[in-house]
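Please read the structure below before turning to the comments.
Bear in mind these aren't lab numbers, they're just calculated from the coordinates by the rules spelled out. These figures come from a predicted structure and were not determined experimentally. When we count neighbours, we look across all protein chains shown, and the Cβ atoms used for this are built from the backbone with ideal geometry, even at glycine.
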């Protein structure tokens, strides 16, 4: 199979699961080589201002998925291909659910992150999240938020070891929907796309792609649906996949 695109989750896949993490030299070189033959983009819940330094380091161009699927953007040029903010009433509903758990919830817009308040923010809300939760609380919060039919809540490993993030976006702002949109932009089929991830929120990404790759450090449920299990992020799993499925 000649694949034409590679879409990479960031935390736990492209880089170690920490905010200041960067791709290893081996992975950086592999992506540079792969970019000569196929499109390489990222798929992350991070907003633009927390991901653009990584994309610039890798010299990525063309569509990438940010804010969990709320935007598809060319980070090199800031061209927006797709944008799906949350409904204003849903922002309030999610905020109120978080309050029932005695939690404050953060809001992502194009340019900033702030804590949700009772009043509605004037800017479009691209995503919301609560960090550093134990797994039991995170699961309960995710289920409560997912009772809202027009939003989608996922669990993401926190930058704090052993903790979890609940990430919320519009129901149409998922990595799966974003892959469909990227295929249209690139004029390819989703079967020609390799998707790589490690967390629960990467289920939609992998399910949309022709080759489903889970990292060696991925959650067990994601490994069960994968076509291939790559070495862990610490062992440069992205480089392994590029050498095996793109450059071979």
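Quick notes
- FRET efficiency, 1/(1 + (r/R0)^6) with R0 45 Å, evaluated for residue 122 and residue 235 via beta carbons: 0.50
- Spin-label model distance (nm) - residue 32 vs residue 111, 7 Å beyond Cα toward Cβ: 3.5
- Inter-part distance where region 132-196 and region 222-246 are each reduced to a Cα centre, Å: 20
- Subtracting the Cα-Cα distance of residue 1 and residue 136 from their residue separation scaled by 0.36 nm leaves 44.5 nm.
- Cα long-axis angle, helix 175-186 against the chain (0 to 90 degrees, to the nearest 10): 50
- Extension gain for the segment residue 83 to residue 104, taken as residue separation times 0.36 nm less the Cα-Cα distance, is 5.0 nm to one decimal.
- Spacing of the two label points (7 Å from each Cα toward its C-beta) at residue 147 and residue 243, in nm: 5.1
- Summary of packing: across the peptides 176-186, 221-231, the per-residue average of other C-beta atoms within 10 Å ranks them, highest first, as 176-186, 221-231.
- Between helix 25-34 and the chain: long-axis angle, C-alpha atoms, 0 to 90°, nearest 10: 70
- Entry note, the chain: relative contact order of 21 percent, from Cα contacts under 8 Å with a spacing of 6+ residues.
- The angle between the Cα long axis of helix 88-100 and the longest principal axis of the Cα atoms of the chain comes to about 70 degrees, rounded to the nearest 10.
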